[in-house]
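Throughout, read-outs are computed from the coordinates displayed, never taken from laboratory work. No experiment lies behind these values; they were computed from the predicted model shown. So basically every Cβ, Gly included, is an ideal-geometry build from the backbone, and we count neighbours across all protein chains shown.
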Amino acid sequence: MVRMQGNPDHPYTAGALCTKVSRYAERTHHPDRVLVPLRRRGPKGSGEFERVSWDEALDAIARRLGDIAARDPQAILPYSYAGTMGLVQGEGMAARFFHKLGASRLDRTICASAGGEALAATYGAKVGMQVQFFAESRLILVWGSNPITSSVHFWSLAQEAKRRGAKLVCIDPRRTETADKCHQHIALLPGTDGALALGLMHELFAHDRIDHAYLDRHVADWPLLRERALAWTPERTAAVCGIEPDVVRGLARDLTTLVPAAIRLNYGMQRTHGGGNAVRLIGLLPCLIGAWRHRAGGLLLSSSGWFRHVRDTMALERPDLLAGRRPRTINMSTIGDELLRGSGPDFGPRIDAVVVYNSNPVAVAPQSRRVAKGFAREDLFTVVLEQFRTDTADHADFVLPATTQLEHLDVHTAYGHTSVLFNEPAIAPLGEALPNSEIFRRLAARMGFDDPCFADSDEQLARTALREVDFDLLHHQGWAQLPVPDAPFAEGGFPTPDGRVQVNAARHGVPDFVPPYESVSSAPELASRFPLAMISPPARHFLNSTFVNVQSLRAVEGEPTVEIHPADAAARGIADGSTVRIVNDRGENRCTAVVTDRARPGVVNGFGVWWRKFAADGTNVNELTHQHLTDIGRAPCFYDCLVEVVPA
Ligand SMILES: Nc1nc2c(c(=O)[nH]1)N[C@H]1C(S)=C(S)[C@@H](COP(=O)(O)OP(=O)(O)OC[C@H]3O[C@@H](n4cnc5c(=O)[nH]c(N)nc54)[C@H](O)[C@@H]3O)O[C@H]1N2
Ligand SMILES: Nc1nc2c(c(=O)[nH]1)N[C@H]1C(S)=C(S)[C@@H](COP(=O)(O)OP(=O)(O)OC[C@H]3O[C@@H](n4cnc5c(=O)[nH]c(N)nc54)[C@H](O)[C@@H]3O)O[C@H]1N2
Ligand SMILES: [Mo]
């Protein structure tokens, strides 16, 4: 491995890498890589291990899982998410293994399910504009997203639009680096986006600035929305959002005068109680103004729905191996509570074993004191497939060395652009590391699973995972573009049963503003003790908890910090650069205060997702977050969290 470089021929990324991935060589060849199987030696959570052979590790794991499965396989839980989003090294062989075993199923909600299910309820699938056409938009709302940090390729397109004269508006409680580069920044209170969307609709309906023809033809039940929106005057909206009424009026005007308008709507707003309803409301704005008529108008949350015909999940994951069994489903976002639960009639058996791959729940899951306590159970059997000794790996009985993206084969779909990608291994696996697929293949053999599908090679898995894709072209070129129309909904044709956008969606009804669980106005009693709202978006140089141990990146991030507005800091006697404690009833986290007007009054900004073991007090921001779920999609509410900040 000598150099990391993007593919200059790929139409969307054009060879550009984000900062963190440009350090992937440093990460891959990091001296701390786990390169041999490890067995626990010290107490749970101590991170003390001894080296064992693959045979010893796999025999012991298969024996223990076999014993538990003989009682009830549902006592075994797989836990995985975004470490790699590849189809082969994600839920490929792993899913087959757990289906055959009859293990509990995992509801993978930790990131995108609130917005995903909300968009599907409204539009029928996670579909939207083709990202490249943002370059031609006249108005771009960057809503709940910090693309300079988290999607640099989109940001290049927004910059292009700006050069061509577009207006950029950033809607975010934090004055982000992105907000600095937009023409306007609307610093609303966290979790109030649904109210802002209703306020904008109020203006559009009240002044009759709507595209009647588009609504009549392509949006079912739209008058129900009108009725609801007319109650949201700019004054009411502004009071809820913590902004000025004229901001609502001005933005509504821009939406109809700067044509076409496009919304880059992302996950910031979804990590609060009303995240699902907010996405549904914002999702309806482009319909009101007929923005879908243009290829540079509409919205983009995720393009992943365009891949739904391409991904052959059944063939890849083989749910038929369940053979009629219907194991329970466990929500990954409440893993803390789930691990600490006893068996019971409504829960089933206690969780006796967890197999973690592609995830670091002790750091990334909410209310991490509960998560760490659960993983510290001496009677829990934990296997972690990892590249590094993460906070979660420290709690394992066995750590199994996993390959990185450079060392294994995979294929990827996307959620920004619309091409399928091929990941060819560039180097041989380091040390004794193995791809996830091979680890599950070997475990399956040890467990006596002899269905032919457990012998599939990685290339066979990759071919099986994709249909309607020219695999040879994909392999040869590195990517294959999906056929997506330029302006997919110019004439309606949404992927809903009747082809129309759904205002009154099955199961969810007409969308409305759902206030946060924890805010000054929705929980005044709690706010009297913990008056500050805390959000915790990702740090620019980390990828959730990945890359936190890469020295050159950690050097730029420095140390865990919390941003606090000068007025809030002064009221608490907090000086810039001093050590503070962020506290609430769930826990506390020590870090360094940055006194800055990047934070709005009443809101503090923590950053995700540091490793607990790198912090002086062994915690991170998730010590403060809670396990309540969003209105739609059963997702976590990381940015719906009241705290107090005090000098340490
Ligand atoms: N560098 C880097 N890039 C990443 C990641 C990373 O960890 N680091 N993570 C990747 C992953 S897994 C994901 S899911 C995506 C996420 O990508 P995005 O969904 O684009 O999310 P962020 O860039 O985190 O931006 C979220 C923004 O929302 C703001 N926000 C917080 N609460 C609210 C609210 O209530 N309303 C509004 N309007 N805004 C709010 C935050 O201040 C933050 O600036 O990024 C991916 N890219
Ligand atoms: N407070 C707060 N918490 C958050 C967020 C936030 O914004 N604020 N963001 C949330 C979001 S958007 C997400 S997506 C989740 C992400 O949570 P996770 O999915 O847990 O993602 P990471 O923290 O990146 O951890 C992935 C782990 O997988 C490992 N890994 C990578 N590739 C492989 C592989 O090929 N094989 C194996 N076995 N392991 C591999 C990496 O070393 C890393 O330790 O975190 C969530 N948590
Ligand atoms: Mo995510």
Sorted peptide list for 438-447, 623-632, criterion being average Cβ within 10 angstrom, highest first: 623-632, 438-447
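Place the peptides 231-241, 522-532, 74-84 in order of packing, highest mean first, counting for every residue the other Cβ atoms within 10 Å and averaging per peptide. The partial results should precede the final answer.
Numbers: 231-241: 18.8, 522-532: 14.8, 74-84: 22.8.
The densest-packed peptide leads the list: 74-84, 231-241, 522-532.
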Eligible lysines near LYS613 by straight Cα distance, threshold 17 Å, same-chain separation 8 or greater: LYS44, LYS373
Fewest-first sequence of ARG318, ARG253, ARG507 by Cβ atoms within 10 Å of each Cβ: ARG507, ARG253, ARG318
Under the Karplus curve 6.51 cos²θ - 1.76 cosθ + 1.60, θ = phi - 60°, whole-Hz ³J(HN,Hα) for the range 197-210, x wherever Gly or Pro sits: 4, 5, x, 5, 5, 3, 5, 5, 6, 4, 9, 6, 9, 10
3J(HN,Hα) from dihedral phi, the range 616-624, Karplus parametrisation 6.51/-1.76/1.60, rounded to Hz, x for glycine, proline: 3, 9, x, 9, 9, 4, 6, 4, 9
Reach of LYS181 by Cα under 24 Å, taken over lysines that are not fewer than 8 positions away in the same chain: LYS20, LYS162, LYS167
Chain lengthening between ASP617 and ALA571 when straightened (0.36 nm per residue, less Cα-Cα): 14.0 nm
VAL219 long-range amide H proximity, modeled H, under 5 Å: VAL501
Those trypsin sites (Lys or Arg not before Pro) in the range 152-206 that DSSP places in a loop and that have at most 12 other beta carbons within 10 Å: ARG164
Amide hydrogen neighbours beyond the local backbone of ARG105, cut-off 5 Å, H modeled: ARG328, THR329, ILE330
J(HN,Hα) series, the range 371-383, from Karplus relation 6.51 cos²θ - 1.76 cosθ + 1.60, nearest Hz, glycine and proline x: 5, 5, 5, x, 6, 7, 4, 5, 8, 9, 9, 10, 10
Two-site FRET efficiency, ALA648 against GLU50, from Cβ-Cβ distance with R₀ of 51 Å, rounded to 0.05: 0.85
DSSP-defined antiparallel bridges as percent of all bridges, the chain, nearest 5: 40
Euclidean distance of C-alpha centroids, the range 513-591 and the range 445-463, integer Å: 45
Whole-Å distance, taken between Cα centres, linking the range 238-282 and the range 140-206: 8
Per-pair calculated FRET efficiency, R0 = 45 Å: VAL556 and ASP221 via Cβ, rounded to 0.05: 0.35
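Do the sum for the chain: with -39,500 (n - 2.57) for every DSSP H run of n ≥ 4, divided by all residues, what is the mean residue ellipticity at 222 nm, to the nearest 500 deg cm²/dmol? Mind dumping the intermediate values first?
Details: 23 runs with 195 residues, N = 648.
The helix contribution divided over the chain gives -8500 deg cm²/dmol.
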Neighbourhood charge, 15 Å Cβ-Cβ cut-off, centred on ASP450 and excluding it, Lys, Arg +1 and Asp, Glu -1: +4
Extension gain from ARG326 to ARG41, taking 0.36 nm per residue of separation minus the Cα-Cα distance: 99.0 nm
For CYS170, residues with placed amide H under 5 Å, excluding near neighbours: VAL142, GLN184, HIS185, ILE186
Value of relative contact order over the chain, rounded to a whole percent, pairs C-alpha under 8 Å and six or more apart: 21
Full-extension gain in nm, SER22 to HIS207, via 0.36 nm per residue minus C-alpha separation: 61.6 nm
Order by protection proxy (mean Cβ within 10 Å, highest first), peptides 538-551, 488-501: 538-551, 488-501
Cβ-Cβ FRET estimate between LEU526 and ASP107, R0 fixed at 35 Å, reported to 0.05: 0.80
Aspartates and glutamates with Cα under 13 Å of LYS126, excluding same-chain neighbours fewer than 8 positions away: GLU117
